[in-house]
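Worksheet: the structure to be examined is printed underneath.
The values are calculated or read from the model by the stated rules, or taken from the named source; none is laboratory data. Everything numeric in this text was worked out from a predicted model, so none of it was measured. Every residue, glycine as well, gets a Cβ built from its backbone with ideal geometry; the counts of neighbours run over all protein chains shown.
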Amino acid sequence: MRLRVYYTPKRQAPSNNLNKCYCFVISYRKENFVWKRGTPMTIRLKPLAVSVAVPLAGGLLSNWLSGDVRAVYESLNLPAFAPPAWIFGVVWPLLYLLLGIAAYLIWEKPASSARTQALTFYGVQLLLNFLWSPLFFRFGLFRFAFWELCALFALAAVTAACFAMLSRRTLWLTAPYLCWLLYAAALNRAVAALN
């Protein structure tokens, strides 16, 4: 099955000239999607699914180990900029999805020391990410959790830089995560001061 899609990248006056449009050809074969714009890019569905499942499963395990997160969160003295509890259940899965896609893009690069280093940083920062929630919610170590979150942000920034050196596309996938970590650090700091 082949699907040909045309689009115009910028607003232009209506024209029948398709030379001004980019053309994408998307093919489907068993478990591969092929996206062509100049150089073909093959998306292998099984490795992509594993790459996305790892952070999502880790996030679920971390949440389970943290106890009743919502009850603890709502019992805290919170700053004015604190979001409602349900926001976390929406934001974290989306961020884990983006991280999984970014990791997949790096995994698909040819084997090299740079790729190994980037994926190692990624794995370590994921572990730090999964540790934060139990530290904060189950054990109530707000100050320690803040410093752990600072270390997580630094490592996540290094990971994003390593990813970007191998694939610029990953910048768009890791940027929301870094922004959310900064916000979470500010929130953690405020909670530590108020409780």
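Could you please let me know if Ile106 is farther than 19 Å from Leu61 by Cα and at pLDDT 95 or above?
Values: farther than 19 Å from Leu61 by Cα: yes; at pLDDT 95 or above: yes.
Here the answer is yes, as Ile106 does meet what is asked.
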What are the pairs, 6+ residues apart or on separate chains, where a residue within the stretch 179-190 that is part of a helix (DSSP H, G or I) has its Cβ under 8 Å from a residue that is among the charged types (D, E, K, R)? none
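Could you tell me which of the residues Phe88, Phe144, Phe121, Phe153 is part of a helix (DSSP H, G or I), without any contact (Cβ under 8 Å) to a residue 12 or more places away in the chain, of a type in the set (Phe, Trp, Tyr) and assigned by TED's automatic domain parsing to the domain that holds Leu61?
Phe144
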Among (1) closer than 14 Å to Phe137 by Cβ; (2) surrounded by fewer than 15 Cβ atoms within 10 Å (Cβ to Cβ), there is one condition Leu78 misses while meeting the rest; what is its number? (2)
So, Leu127, is that one of a type outside the set (D, E, K, R) and under 17 Å from the mean Cα position of the chain (by Cα) or not? yes
